[in-house]
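Trainee: Before I ask anything, let me first share the structure, which is written out below as structure tokens.
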């Protein structure tokens, strides 16, 4: 089996926070972590969710396609599929409706994935079928001694995870300032009466509207290791990853509290082509999202160029979900 491996590092340039959704209020104030067994002990190691990186790449490729096709070119099901994975749709079968033949479904799946790198790389749900992608996107793991079993030898370190976890916590507040003098003067008179507040009120009234906070976060300067793998990749698919990272470099932020300056990152991935059967690996390029917002690479094998050539000729009919899958 042939593999394209993007192996490298994500480095935090500003503080970073990402929680584990779906847990109770106390837990979501903590950094998202993964349990790692190391030397007879269990350690909770901070991570960046693989889905976060996967979504950034998927969205980048999808936007390439949408910008090429232009507004009004796709139906809702297709647009949902390429941007966020789509959704299964349950519907009652009409009386006498013929079952779709397996051969028809297979042919439609092949046609969709052949013409759409978003579908082939990441899969998704058409209205009636789930498509598997061929990209494996694991969590990015904080480079620390506790995570040693998950790291290649060249990334081993004696630094503890605690070096990069601030437990000082942060609190954010929002106030309702509509009853302050400088704002209240612009309020409609009738509404002011309803609020039982006079426009010439001498004292400002400021009420606390919201308080929310986190108990810990990752500091700047932390490094996270990640290895993305694509099974049996085409040149166009590899080039699509280049293009998505290039787009991401224009605004390289992930996680929560982006509006407060959190989540800015730099990245460096080594592109490795591997033949699993022959146990051969070839390091062919380095793709870097730099701190100055640029994306640098050599593309000596022409993957990016081939993807851009494909993108220049793509048509809506290459992307639209076939009727057989609806």
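Every number in this text was worked out from the coordinates using simple rules, so none of it is lab data. Every value quoted in this text rests on a predicted model; they were computed, and no experiment measured them. Heads up, the Cβs are rebuilt from the backbone with ideal geometry, glycines too, and the neighbour counts pull from every protein chain shown.
Trainee: Fewest to most neighbouring Cβ within 10 Å: what's the order for 253, 118, 36?
Mentor: By the 10 Å Cβ count, ascending: 253, 36, 118.
Trainee: Please give the peptides 120-130, 292-302 ranked by average Cβ packing (other Cβ atoms within 10 Å per residue), highest first, as a rough proxy for protection.
Mentor: In descending order of packing, they fall as 120-130, 292-302.
Trainee: Which peptide among 216-223, 167-174 comes first, and what is the full order, when sorted by highest mean count of other Cβ atoms within 10 Å?
Mentor: Averaged packing, sorted descending, gives the order 216-223, 167-174.
Trainee: Counting other beta carbons within 10 Å of each Cβ, put 321, 106, 57 in order, fewest first.
Mentor: Ranking 321, 106, 57 by Cβ neighbours within 10 Å, fewest first, gives 106, 57, 321.
Trainee: Report the extension gain between residue 68 and residue 111 in nm, rounded to one decimal, defined as 0.36 nm multiplied by the number of residues separating them, less their alpha carbon distance.
Mentor: In short, 13.5 nm is gained.
Trainee: I would also like to ask the following. Arrange 1, 267 by Cβ neighbour counts within 10 Å, fewest through most, would you?
Mentor: 1, 267
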